[in-house]
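In what follows, a structure is listed as structure tokens, so that the remarks can point back to it.
The values are calculated or read from the model by the stated rules, or taken from the named source; none is laboratory data. Quick caveat, the model's predicted, so the values are computed rather than measured. Here the Cβ is made from the backbone with ideal geometry for all residues, glycine too, and neighbour counts use every protein chain on show. Surface accessibility is based on the protein's heavy atoms, side chains included, excluding ligands, DNA and RNA. Shrake-Rupley method; radii C 1.70, N 1.55, O 1.52, S 1.80 Å.
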Amino acid sequence: MDIPVEVSAHHVHLTAQDIATLFGAGHALTHFKEVSQPGQFASKETVVLRGPKGEISGVRIVGPARERTQVELSLTNCRTMGVDPVFRVSGELDGAGGGVAIVGPNGEVEVQEGVIVALRHLHIEPAKAAELGVRHLDRITVRIGGERGVTLHHVVVRSREGFDALALHLDTDEGNAAGVRGPVTARFIEME
Ligand SMILES: [Zn+2]
């Protein structure tokens, strides 16, 4: 099975309340482009992320609104901003990091518990996961070929019907380390 590799730049997911604080009451996020996962989209709106040591501007919001606000950074982003990195599966925010302000045109939001460096993960439809013999939340090893080919351990499987579509998600540090430029695929190696 050829697994498309997708590199996710820093981005945020916002609650409806935080969207209102940042962009004004009643504001609806504007679609910029679809992302690979069903129902999700990158918005035209961007925000500034401000940490103790630095800022990153032009950060995309991935909609729709979520139950909790989540800031996803790479380790390089953490260094730039002076943020302590906390590795987490996306959405598992208890004990996640803080110390980042999200700044929009209408206001700002201080994130107390929601700043993460996302664990590398494989989105896969349950039927395809069954083909590989893996299940939701399993940890697996995958390989990316090419000039800077790498073997990646501890990839978290995300496999929920209607939510997950086949793609290996890496952050920009991981993508660069693997020499990912343009369309690349990965292969499943083994269960851990
Ligand atoms: Zn993902």
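So, Ala118, is that one touching a Leu at 6+ places or on another chain (Cβ under 8 Å) and either over 17 Å from Gly175 (Cβ atoms) or open to solvent by less than 50 Å² (accessible area, probe 1.4 Å) (or both) or not? In short, no. For Val109, indicate whether it is within 20 Å of His27 (Cα to Cα), within 16 Å of the ligand (Cβ to nearest atom) and crowded, with 17+ Cβ neighbours inside 10 Å. In short, no. Of the residues making up segment 157-170, none is under 20 Å from Val48 (Cβ atoms), touching a Lys or Arg at 6+ places or on another chain (Cβ under 8 Å) and at pLDDT 95 or above. Considering the conditions (1) crowded, with 21+ Cβ neighbours inside 10 Å; (2) out of contact with any helix residue (DSSP H, G or I) (no Cβ under 9 Å at 6 or more places or on another chain), Gly63 is excluded by exactly one of them, (2).
Can you tell me which residue is surrounded by the fewest Cβ atoms within 10 Å (Cβ to Cβ) among those in segment 70-89 that are touching a residue at least 40 places away in the same chain (Cβ under 8 Å) and within 16 Å of the ligand (Cβ to nearest atom)?
Restricting attention to segment 70-89, the residues satisfying the condition of being touching a residue at least 40 places away in the same chain (Cβ under 8 Å) are 70-77, 89.
From what is left, the residues that are within 16 Å of the ligand (Cβ to nearest atom) are 70-74, 89.
Numbers: Gln70: 24, Val71: 29, Glu72: 21, Leu73: 30, Ser74: 22, Val89: 13.
Top of the filtered list is Val89.
None of Ser8, Ser36 is open to solvent by less than 60 Å² (accessible area, probe 1.4 Å) and either of a type in the set (Val, Ile, Thr) or out of contact with any helix residue (DSSP H, G or I) (no Cβ under 8 Å at 6 or more places or on another chain) (or both) except Ser36.
With respect to Ala16, determine if the residue is out of contact with any Leu (no Cβ under 9 Å at 6 or more places or on another chain), without any contact (Cβ under 8 Å) to a residue 12 or more places away in the chain and among the aliphatic types (A, V, I, L, M). Please lay out each step first, then the result.
Numbers: out of contact with any Leu (no Cβ under 9 Å at 6 or more places or on another chain): yes; without any contact (Cβ under 8 Å) to a residue 12 or more places away in the chain: no; among the aliphatic types (A, V, I, L, M): yes.
So Ala16 fails the test.
May I ask you to say which residue of Ala65, Ala42 is assigned to a strand (DSSP E or B) and in contact (Cβ under 8 Å) with a residue 12 or more places away in the chain? Outline the logic, then answer.
Working: Ala65 fails: assigned to a strand (DSSP E or B).
Just a single option satisfies the conditions, and that option is Ala42.
Within segment 2-45, being closer than 26 Å to Val184 by Cα, at pLDDT 95 or above and among the aliphatic types (A, V, I, L, M) holds for Ile3, Val5, Val7, Ala9, Val12, Ala42.
Checking every residue in segment 134-141 against the condition of being surrounded by fewer than 17 Cβ atoms within 10 Å (Cβ to Cβ), among the aliphatic types (A, V, I, L, M) and either within 16 Å of the ligand (Cβ to nearest atom) or free of Cβ contacts under 8 Å to residues at least 12 places away in the same chain (or both) gives at least one match.
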